[in-house]
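Working notes for the structure below.
The values are calculated or read from the model by the stated rules, or taken from the named source; none is laboratory data. Remember, predicted model here, so these are calculated numbers, not experimental data. Ideal geometry is used to build each Cβ from the backbone, glycine not excepted, and the neighbour counts take in all protein chains shown.
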């Protein structure tokens, strides 16, 4: 399925971001949710990607924020009915390649403890747990991960 950098402010992107927020809302209190807002996703340092199916419908999203020393994965989401098709893995590889092409050799992310599918995906892709980074602070509901190379 094709994956491309696209605008986060188009209707399909907004719908996926809203679905992700709805998925996370019952799992974590607001102070433990660290997703970027739509305005933040529009920043030039952020690249937002969509996975599209054969019919051209958006079926997954993710973003990468280019920081000075690393790239951070944000807003990774594949709806439940689309999981198990390799979309998350393909999206992750796409975003990692996008960051590498822009000189970032270190990838980092924050995800929640109540997302076992995400944790398995990242661990299978070579991510290892690390301390909080950037502006994050320790949070018992967060898992911080890093991949070098």
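Some observations on this one:
- The stretch 54-81: number of residues that are surrounded by fewer than 16 Cβ atoms within 10 Å (Cβ to Cβ) and modelled with pLDDT of 95 or more: 1
- Scanning the stretch 93-112 for residues that are closer than 16 Å to residue 135 by Cα and in contact with a helix residue (DSSP H, G or I) (Cβ under 8 Å, 6 or more places away or on another chain) returns 107, 109, 111.
- Filtered residues of the stretch 114-149 (kept if in contact with a strand residue (DSSP E or B) (Cβ under 8 Å, 6 or more places away or on another chain), within 20 Å of residue 78 (Cα to Cα) and part of a loop (DSSP other than H, G, I, E, B)): 125, 126, 127
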